[in-house]
Structure formats: C-alpha cells, structure tokens
1. Could you grab the relative contact order for region 1-98? Cα pairs under 8 Å, six or more apart, rounded to a whole percent.
2. Which three lengths, in whole Å and largest first, does region 2-78 cover when its Cα atoms are put on their principal axes?
C-alpha cells in the first residue's frame, strides 16, 4: 500500500512537470517568434514618429516598457527562475521601472 501511494505521488509529480514543459514550449514559441516581430514593429513605428514629428509617443513608449518587462518575466519562467506563469495565464506583470522622462540622443552626460 505504501508503494502504491508513492507511485501515485510520482505520477502526479511527473504530470505537473509535463504540464509546465508544454506551457514552456508554447511560451518559447512566443518568445522566439512572436515577440521579436512585435518589438520590430514598435521600433520602426517609434523611430518613424521621431523622424516625422520629432517627438516620441508616450503610449507606445509605455507599451514598449511593458513588452520589455513581459519578456523579462517570460524568460524567468522559461528558465525555471519563477513559478508564476506569464500572461495570458496571469495578469500582465507590474512595471519594474518606468521609462526615462526624456529621450536623449547624446552619448553620455558629458557630451
């Protein structure tokens, strides 16, 4: 009887590992194939607006920051550093740090 209980626990444990593995594979597809394209579109749009209007668009900067935070949390989940599954299985992550107030194009503070 004790051996049967141990086998049942092992089966449940491996089911949980398998479930996390499947989720990780799906998130890996998003990380390597979907997120780079979204980042590229945001990049082109932001710089296009900078060239045309000579200013950034704050909602797009905010979206860019959220995408960076999501990518960071996703990577932590994929590398088993975090147990909370990322969006869409949970809320979008909270902002770690806000984007800088102004966009500067100099090389450094002494330029």
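Computed from the coordinates by the stated procedures, all read-outs in this text should not be read as laboratory data. Because the structure is a prediction, the values reported are computed rather than measured.
1. Numbers: 48 pairs, mean separation 21.3, N = 98.
With pairs under 8 Å counted, the relative contact order is 22 percent.
2. The principal-axis extents, from largest down, are 72, 19, 13 Å.
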